[in-house]
Amino acid sequence: MGRGLGGSVRGRHAPDGNPKSAVIDFGAVTSPHDLSRLQINRDEPSPGLSRALKRTVFLAILAVIILGAIAVASRMGSSPEVGTIVVAFTEASATGGGAGTSVTANGYIVARTRASVSAKIPGRLAFLAVSEGSYLKVGDVIARLESADVQAQVTQAEASLASARADLMEAEQQRDFEAREAARLRDIRAQNVQLVSAQELSVAENRATTAASRARALSARVDAAEATRRYAQANFDNTVIRAPFSGTVLRKDAEVGEVVAPSVGGGLTRGAVVTMADLTTLEVEVDVNEAYIARVTNGQPARITLDAYPDTSFKGRVRQVVPTADRQRATVQVKVGILERDSRILPEMAARVDFQEAAPVVGTPRAGARGAAPSAPPAPRRIRVPAAAVRERNGQTEVWLVRDGKLEPRAVQAGPVSVGFREIRSGLSGGERILTSGVETPVAGMRVKVTATR
């Protein structure tokens, strides 16, 4: 094989880049016994693959940097869209006799006269004469219970009463007879003691006394039988359920075939047959925050707005401020009577009540008087804003003003939340535009775009 075969063998990648192929270099001549250098290096990557990998990593990093820059620029260049409200005072109208809103509270329509009508005795419902919406006058029949057993008790009581009366009649006749007989013997003995002995007179008087006692006992028995008959008749009358007052049926609580009772006993027993109410006594019950209860008084005018008809309001007047507070919710219940009756107003509807302040009364000059009568002091001016516009930061209450498209914090003193609003007691003078929505974490100087304004 010659000397060329004795040269060194060096591993090298093929031009195609395949590390498994190798080229044997016979250029260098070494010792014919040095075969350790004859090997192929399979771990070293090819230069082409290394260059491609570096190029890909560089392009990926560059793309990430470009996208991040675009996102930052876009974020810095755009302004978030926010909702705002222009601060305004609520006050009584100085002209025209209007009234401003001092307190607003939410509540529900209730009927002052309302009852769940049930049977006085337990029984199975045999007849139901009404349905939801039925109008009833006081005493009208609502339902009847199965009454065969109660009717039998009435018949039995009447028979016992008739028997007791018959026995009493017989006893009264015997009493009268014995009394006459004793009186006759008494007269005869008074005329001649020899004709009637004292013993005969005593026996006759004893019989008369016994007959009178029996008659009195039977009279008491008649009274007891009469009471039993009245009790049985009352039970029979109680099988007929009647309307306790004039009103409208709101709900049926039982159906024919169900067992009803004065109190619920579980199972299939119903406690009430119907629920009815007098719709002429409808009013609104609202819970007023105790921080504002001093502004609500009996007889105060109010405006009532139903959630079902937000574009229509009804006149109302405070009927009662309940003299107790709810310590859990820090509220006081107020009952507001509805002065305008409307068929759309139904029990359990949600309603909002705006308690109004009396408008200032402007005095008019009296005849012969030099000057006008003094006018009442003007109603206080108040600012009420949505509760979402007031924020807490570092233990301080503040709102965010929107001026020239930028946000600016303003420290304020605000009252408690009442129906989604808070009263601003200091810090605003009216006319400011404040942030209500659109930015979760406002920052001073942040540029915003106003889209929703109230």
Residues that are surrounded by fewer than 15 Cβ atoms within 10 Å (Cβ to Cβ) and closer than 15 Å to S437 by Cα, drawn from the range 393-405
G405
Go through (1) in a helix (DSSP H, G or I); (2) out of contact with any Lys or Arg (no Cβ under 9 Å at 6 or more places or on another chain) one by one and return the number of the condition R144 breaks.
(1)
Take the range 410-454 and flag every residue that is touching a Pro at 6+ places or on another chain (Cβ under 8 Å) and closer than 14 Å to T84 by Cα.
L435, T436, G438, V439, P442, V448, K449
Determine, yes or no, whether A183 is loosely packed, with under 14 Cβ neighbours inside 10 Å and over 30 Å from R124 (Cβ atoms).
yes
How many of the residues in the range 324-353 are of a type in the set (G, A, S) and closer than 16 Å to N298 by Cβ?
1
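For every residue, the table says whether it meets (1) surrounded by 15 or more Cβ atoms within 10 Å (Cβ to Cβ); (2) of a type outside the set (S, T, Y); (3) modelled with pLDDT of 95 or more.
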{"residue": "I66", "(1), (2), (3)": "no, yes, no"}
{"residue": "G77", "(1), (2), (3)": "no, yes, no"}
{"residue": "A92", "(1), (2), (3)": "yes, yes, no"}
{"residue": "V103", "(1), (2), (3)": "yes, yes, no"}
{"residue": "T113", "(1), (2), (3)": "yes, no, no"}
{"residue": "V117", "(1), (2), (3)": "yes, yes, no"}
{"residue": "P122", "(1), (2), (3)": "no, yes, no"}
{"residue": "V130", "(1), (2), (3)": "yes, yes, no"}
{"residue": "A148", "(1), (2), (3)": "no, yes, no"}
Looking only at the range 190-206, count how many residues are in a helix (DSSP H, G or I), surrounded by 17 or more Cβ atoms within 10 Å (Cβ to Cβ) and of a type outside the set (G, A, S).
2
Selection count where residues are loosely packed, with under 15 Cβ neighbours inside 10 Å and either touching a Pro at 6+ places or on another chain (Cβ under 9 Å) or outside the structural domain of G107 (by TED's automatic domain parsing) (or both), scope the range 318-338
1
When residues of the range 421-454 are limited to those that are in contact with a Gly (Cβ under 7 Å, 6 or more places away or on another chain), surrounded by 15 or more Cβ atoms within 10 Å (Cβ to Cβ) and farther than 17 Å from E392 by Cβ, the one modelled with the lowest pLDDT:
G438
Restricting to the range 296-305, name every residue that is of a type outside the set (G, A, S) and either surrounded by 14 or more Cβ atoms within 10 Å (Cβ to Cβ) or within 21 Å of the chain's Cα centre (by Cα) (or both).
V296, Q300, P301, R303, I304, T305
Among the residues of the range 286-301, is any assigned to a loop (DSSP other than H, G, I, E, B) and farther than 18 Å from S102 by Cβ?
no
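The values are calculated or read from the model by the stated rules, or taken from the named source; none is laboratory data. The model shown is predicted, which means the values in this text are computed figures rather than measured ones. Every residue, glycine among them, receives a Cβ derived from its backbone with ideal geometry; neighbour counts consider all protein chains shown.
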